[in-house]
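This report concerns only the one structure given below.
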Amino acid sequence: MMRYIVNKVTTIALMAFFTLFLGCDSLDTENLNNPDTRKVLATGNDLPGILSGGFLSWWQGVHQSHPGMTLGVASDAISCSWGNFGMRRMSWEPRQSYNNSTSETPDYTQVVTDPWNGCYAAISTSNDVIAALNSGLSLGDKSQDKMLLSSALLLRGLGLGYLGLLFDQAYITDENTDLDNLVFSEYNDVIAAAVVDLETAIAVATEDDLSFSTDAAFINGVTLTNDELAALASSYAARFIAQAPRTVGENNAADWAAVEAFASKGIRRNFSPIADGNVWFGYWRYAHIGTGGPNGSWARLDQRLVNAFDNSQPTTYTQEAPPNPKVAFSPDARLTSDFTFVEGNNFRPERGFWHFSHYKHSRNLSESSYIGDGISNGPMPAFTTTDNELLLAEALYRNGKEADAAAIVNAGTRVTRGKLSSVPTSGPEILEAIIYERFIETLNTGPSGHFFDRRRIADRVKTGALDALGGLQEGTPAHLPVPAQELELINAPTYNFGGDSDPTGLERQ
C-alpha cells in the first residue's frame, strides 16, 4: 500500500480531489488510475496545490480518531468503553495485544493504516515537490520557491517524525529513493531522519534576508512567516527527540541537549489549525464534553488523572459503586475550570468498571479560543506554547540546570492557571511538577502525547496497582506494528505487540 501511495497519492491534491476525505475519520489514499504526479506537473504553479494536499494527508493521518482516541484510552489519559476506533480493545484490562491482521474490521485496522498511509502520503507529496524544485520548476520568485522548499521539508519531517513516534519501524524515503529497494529502519533512525529534515527546513527558511508567508491553503486557518516556520520545525524536533524513547533507560539516554536547543527556539504562539466542518477536523470532537448532549456520551477523564488531582480518589473503579464522595477536591483550580463533574456513568458495566469516571474534559466550553469543537468550529491545538515550554523545562532539568527549569515552571501554567504553589529551585519536585503539567495542561492537545509520555517516564505498571502519573499498563503495545496490508504486499510476516506475553509492549509477537 505504501508503494502505491508514494507514486500515486499526490495527484489527488493536484486535482483538488478533497471530497475523498469528507465526513469520515478514515483516510483512503489509493488511486491507481492516476498518472505519477511528477509526470503531470507542468509549471511551478502546480506545486502549492500538491503541497496543500500533503499537509491535509498528514493532518488526517495523525490527528483524527485513529489513532488519537485509540492511544488516548490505551494510555489512561481519557476513558471510553465504546467499540469505535479500536478503543474498547485497546483499553481492555488486563491489556490485550494489538491484532495486526487484514481480516480485522476496517475500524480496527485503521489504528495502524490511517497514520501509516497519511504520513506516507505526506512524505510522497514532499518528495514530489522537492524533486520538482530541484528539476527547475519555479514560482518565478526566489522567496516563494524558498517557501515551498522549506514547507516541503517541514512536511516530510513531520511525516517521518510521527512514523518514528508511532511505529516500531518504517521506510525512510526522500526525493532520490529507489522505491523498488525499500528497507525498514528502526524508529530511532526514522526520528533522526525527521530531525535532519526539520533542521534543513529551518536552514532554508532562515538562510538569507528573503521573507515569506506560507500558502494559506497548506494548513487551515494558519499561515507562517519564515521565522514562524523555523520555530514550528524546532518545536517538533524537540517533541520527536523527547517523546521517541520507549523505556526509562532510553529516556535517560535521549539527547536532552538537543531538546533544549530546539525548544529554546520553538513556537511563541499555539499551532492550532482551525476546524472547518469539511476536511479539517480531528479527534477533539470525541475527547471533550459537548458531543451527545450536555453531559456528553463519549470520553471521560481517566480515573488515573482524577487521582492526580485528588489522591483520595481511586485510580480505577473495581466495581460499580462510586467513591464516597464522588466529587474530587483539589488545590488545582483547573479541576473546576477545565473539567465538569457528571453525576452518572453511561458506559456499559460488562465492558469493565475501569472505564467509569465522573469527570469530563470541558476546557473547550470555558475557553473556546483555546479548543474548539474539533469538527466545525474553532482551533485544534496540535502544539501549544505550554507544551514547548515544558519540553524546555524538562530538558533543562535533565541537563542539570534545575533553577532554570524551576523558573519556567513557576512562571507557567502551574501557577498562572492552576494557582498552585511554586516549586523549589532544586530537587525532584521540579520534574514531578513538569510531568504533572504535561498530563493536566497538555491533555487533549497534541495527539497521543500522553501515550508517548507514559511509555518513557516510568516503568510499566501492573493493571491492579495503577498510579496517577506512572507508566503504561503492562501489556500495552509500546508502539504500533507495520500494517499487515503493507507486510503482505512485500511478503513479510505480520507481527503484533502487547498482551500477556509481551508486558513491556516491545517484543514482536
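Observations on the structure shown:
- Positions within region 214-243 being more than 21 Å from Ala405 (Cα to Cα) and hydrophobic (A, V, I, L, M, F, W, C), in sequence order: Ala216, Ala217, Phe218, Ile219, Val222, Leu224, Leu229, Ala230, Leu232, Ala233
- A count restricted to region 309-338 and to residues that are of a type in the set (Val, Ile, Thr), part of a helix (DSSP H, G or I) and either at pLDDT below 95 or within 26 Å of Trp92 (Cβ to Cβ) (or both) stands at 0.
- Output for region 403-435, where each listed residue is part of a loop (DSSP other than H, G, I, E, B), of a type outside the set (A, V, I, L, M, F, W, C) and either open to solvent by 30 Å² or more (accessible area, probe 1.4 Å) or more than 24 Å from Ile241 (Cβ to Cβ) (or both): Arg417, Gly418, Lys419, Ser421, Ser422, Pro424, Thr425, Ser426, Gly427, Pro428
- The set of residues in region 428-477 being of a type in the set (Gly, Ala, Ser) and touching a helix residue (DSSP H, G or I) at 6+ places or on another chain (Cβ under 7 Å) consists of Ala433, Gly446, Ser448, Ala458, Ala468, Gly471.
- The set of residues in region 339-368 that are more than 22 Å from Gly86 (Cβ to Cβ), outside any loop (DSSP other than H, G, I, E, B) and either among the aromatic types (Phe, Trp, Tyr) or touching a residue at least 40 places away in the same chain (Cβ under 8 Å) (or both) comprises Phe339, Thr340, Phe341, Tyr359, Arg363, Asn364, Leu365.
- Test result for Val259, among the hydrophobic types (A, V, I, L, M, F, W, C), under 21 Å from the mean Cα position of the chain (by Cα) and open to solvent by 20 Å² or more (accessible area, probe 1.4 Å): no
- Pick from region 222-245, criterion in contact (Cβ under 8 Å) with a residue 40 or more places away in the chain and part of a loop (DSSP other than H, G, I, E, B), ranking: nearest to the chain's Cα centre (by Cα): Ala244
- Just so you know, in region 246-272 the residues that are in contact with a Pro (Cβ under 7 Å, 6 or more places away or on another chain) and in a loop (DSSP other than H, G, I, E, B) include one that is farthest from Ser448 (Cα to Cα), and it is Ala254.
- Only one of the numbered conditions (1) in contact (Cβ under 8 Å) with a residue 60 or more places away in the chain; (2) crowded, with 20+ Cβ neighbours inside 10 Å; (3) of a type in the set (A, V, I, L, M, F, W, C) is violated by Ala333, and that is (2).
- Residues satisfying the stated conditions in region 480-508, i.e. buried (at least 22 other Cβ atoms within 10 Å of the Cβ) and either among the hydrophobic types (A, V, I, L, M, F, W, C) or over 23 Å from the mean Cα position of the chain (by Cα) (or both): Leu480, Val482, Ala484, Phe497
- Residues in region 211-221 that are in contact (Cβ under 8 Å) with a residue 40 or more places away in the chain and either closer than 16 Å to Ile241 by Cβ or surrounded by fewer than 19 Cβ atoms within 10 Å (Cβ to Cβ) (or both): Ser211, Ser213, Ala217, Gly221.
- Candidates Ala407, Ala433, Ala411: the one that is modelled with pLDDT of 95 or more and within 19 Å of Asn251 (Cβ to Cβ) is Ala433.
- Test: Asp46 is at pLDDT below 95, open to solvent by 30 Å² or more (accessible area, probe 1.4 Å) and over 23 Å from Asn307 (Cα atoms): yes
- Checked against the criterion of being at negative phi and in contact with a Gly (Cβ under 6 Å, 6 or more places away or on another chain), the candidates Arg460, Arg456 yield just one match: Arg460.
- Note on region 360-402: residues that are acidic (Asp, Glu) and open to solvent by 50 Å² or more (accessible area, probe 1.4 Å) total 4.
- Selected residue (criterion: modelled with the lowest pLDDT) from residues of region 292-308 that are outside any loop (DSSP other than H, G, I, E, B) and surrounded by fewer than 21 Cβ atoms within 10 Å (Cβ to Cβ): Gly293
- Annotation note: Cβ proximity below 9 Å between a residue of region 186-210 that is over 16 Å from Ala258 (Cβ atoms) and modelled with pLDDT of 95 or more and a residue that is open to solvent by 20 Å² or more (accessible area, probe 1.4 Å) and among the hydroxyl-bearing types (Ser, Thr, Tyr) (sequence gap 6+ or interchain) occurs for Ala205/Thr225.
- Residue within region 471-483 that is assigned to a helix (DSSP H, G or I) and either at pLDDT 95 or above or closer than 16 Å to Ser79 by Cα (or both) present: no
- Which listed residue, of Asp208, Asp180, Asp189, is open to solvent by 40 Å² or more (accessible area, probe 1.4 Å), of a type in the set (Asp, Glu) and not in a loop (DSSP other than H, G, I, E, B): Asp189
- Flag for Arg398 being closer than 26 Å to Arg363 by Cβ and either over 24 Å from the mean Cα position of the chain (by Cα) or touching a residue at least 12 places away in the same chain (Cβ under 8 Å) (or both): no
- Any chance Ile289 is at pLDDT below 95, closer than 27 Å to Gly374 by Cβ, open to solvent by less than 40 Å² (accessible area, probe 1.4 Å) and among the aliphatic types (A, V, I, L, M): yes
The values are calculated or read from the model by the stated rules, or taken from the named source; none is laboratory data. The structure presented is a predicted model; accordingly, all values stated were derived computationally and were not measured. Note that each Cβ is placed from the backbone with ideal geometry, even for glycine, and that neighbours are counted across all protein chains shown. Protein only, heavy atoms only, side chains kept; ligands, DNA and RNA dropped before computing areas. Shrake-Rupley method; radii C 1.70, N 1.55, O 1.52, S 1.80 Å.
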